[in-house]
Amino acid sequence: MKNILLIPHIKIHNANALSSPYSIGFPAMTAWLGAVHALERKLKLSSPEEYADLHFKGVAVVCFNLDLNTYKGDKDYVYSIVGTGNPLEKDGSRPSFIEEARCRLEVSLVIEYDCEEDDDLSEHVDHCLLTMKMAGGDILQSRSAEIFEVDGGDDYRKLIRQLMPGFCLIERRDLMTAAMDDGQDAIDALLDYLKVTYQSGVDEKGNINWISGRKEKGWIVPIATGFQGVSDLGKAKHQRDYDTPHRFAESIVTLGEFVMPYRLDDLDQMLWHYHVDQENSLYLCQQNKLTDR
């Protein structure tokens, strides 16, 4: 039996779409798990006695709509990021700025949790949620949170109906692992699954037909799922928390897939969890039960 908190149809304005140094689009999984962790802390602070044992164990993200803030003119070859440079200089000119890709999106969050006293949990979540940011964006609106007890069967199908017609993000690092086991470099393996190839053919009447396709069926996308340390643990000047060791890290990018929730047989196939591998300096968001499609 799993205790599930559903926060449906959260509308977010100006979320961070620059999910890694290499990709732009859907916000990184670190942003979603970080937002849920922040929500857990807010709930504990709002009712310390009631939610002292509250723990959010896993998170699933289901996207219904995403609008990337980009622009492409009639004669432009590529899209440009719609950015701002605020505030203006004294002479009214725009200052230099670092481009920040933003998007507007609507998502539902499915959160597995543990808590003995959860009678008023959904009401407290509704109260705390609109005071937060999520993936760097402002939360404009959300439907009332709901509590589910899922033990497969009808319970699971009832939850899935609440998530349609969205697309759930799942991890496909199995594709990366298989390609790298065959000797491919990581970036080559990533691009191999993302590129679209075209082939031409001639039919019986002599007409040329073009066929496009990708290496793997499905909506495969690059996703940022964590960080790898590139320096030793230590202290840094002016670090936020002097009790916690500091290290520099770089983003980790792998493959993911957007699928409709009804295609998943198990709730664990959509839930993401934190995972720390100290030996390899990895700080990851990953799924414990990968979907082999």
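The values are calculated or read from the model by the stated rules, or taken from the named source; none is laboratory data. All values derive from a computational prediction rather than experimental measurement. As a convention, Cβ positions derive from the backbone with ideal geometry for all residues, glycine included, and neighbour counts pool all protein chains shown.
Each row is one residue, and each column tells you yes or no for (1) crowded, with 18+ Cβ neighbours inside 10 Å; (2) touching a residue at least 24 places away in the same chain (Cβ under 8 Å); (3) among the basic types (Lys, Arg).
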residue: GLY83; (1), (2), (3): no, no, no
residue: VAL125; (1), (2), (3): yes, yes, no
residue: THR131; (1), (2), (3): no, yes, no
residue: ILE139; (1), (2), (3): yes, yes, no
residue: ARG172; (1), (2), (3): yes, yes, yes
When every residue in segment 240-270 that is assigned to a strand (DSSP E or B) and among the acidic types (Asp, Glu) is compared, the one nearest to LYS215 (Cα to Cα) is GLU257
Is segment 61-70 home to any residue that is closer than 22 Å to ASN3 by Cα and not β-branched (Val, Ile, Thr)? yes
| query | among the acidic types (Asp, Glu) and either crowded, with 18+ Cβ neighbours inside 10 Å or over 23 Å from the mean Cα position of the chain (by Cα) (or both) - does that describe any residue in segment 198-205? | reply | yes
Picked from segment 271-293 (must be modelled with pLDDT of 90 or more, assigned to a loop (DSSP other than H, G, I, E, B) and out of contact with any His (no Cβ under 9 Å at 6 or more places or on another chain)), the residue nearest to LEU255 (Cα to Cα) is LEU271
Residue hits (segment 60-78; loosely packed, with under 14 Cβ neighbours inside 10 Å and either aliphatic (A, V, I, L, M) or outside any strand (DSSP E or B) (or both)) are LYS72, GLY73, ASP74, LYS75, ASP76, TYR77, VAL78
**OP:** Check whether at least one residue in segment 49-59 is free of Cβ contacts under 8 Å to residues at least 24 places away in the same chain and in the same structural domain as ALA135 (by TED's automatic domain parsing), and report yes or no.
**Re:** yes
The lone condition ILE211 fails out of (1) exposed (fewer than 12 other Cβ atoms within 10 Å of the Cβ); (2) at pLDDT 90 or above; (3) over 27 Å from ALA35 (Cα atoms); (4) of a type outside the set (Ser, Thr, Tyr) is (2)
Per the list (1) touching a strand residue (DSSP E or B) at 6+ places or on another chain (Cβ under 7 Å); (2) touching a residue at least 40 places away in the same chain (Cβ under 8 Å); (3) under 21 Å from CYS63 (Cβ atoms), residue check on GLU149 breaks on (3)
Checked segment 19-35 for anything buried (at least 20 other Cβ atoms within 10 Å of the Cβ) and either farther than 20 Å from LEU282 by Cβ or among the β-branched types (Val, Ile, Thr) (or both); matches are PHE26, PRO27, THR30, ALA35
Checked pairs for segment 97-121, first closer than 21 Å to PHE56 by Cα and outside the structural domain of ILE160 (by TED's automatic domain parsing), second assigned to a strand (DSSP E or B) and modelled with pLDDT of 85 or more, C-beta under 6 Å and 6 or more apart or across chains, list as none
Restricted to segment 45-59 and to residues being buried (at least 16 other Cβ atoms within 10 Å of the Cβ) and at pLDDT below 95, the residue nearest to MET132 (Cα to Cα) is PHE56
Result of the Cβ filter at 6 Å on segment 179-191, keeping first residues that are farther than 17 Å from SER23 by Cβ and without any contact (Cβ under 8 Å) to a residue 60 or more places away in the chain and partners that are among the small types (Gly, Ala, Ser) and in a helix (DSSP H, G or I), at least 6 apart or interchain, is ALA179/ALA189; MET180/ALA189
State whether the residues of segment 195-211 include one that is in a strand (DSSP E or B), touching an Asp or Glu at 6+ places or on another chain (Cβ under 7 Å) and not aliphatic (A, V, I, L, M). yes
Counting only residues that are assigned to a helix (DSSP H, G or I) and exposed (fewer than 11 other Cβ atoms within 10 Å of the Cβ), segment 148-164 contains a total of 2
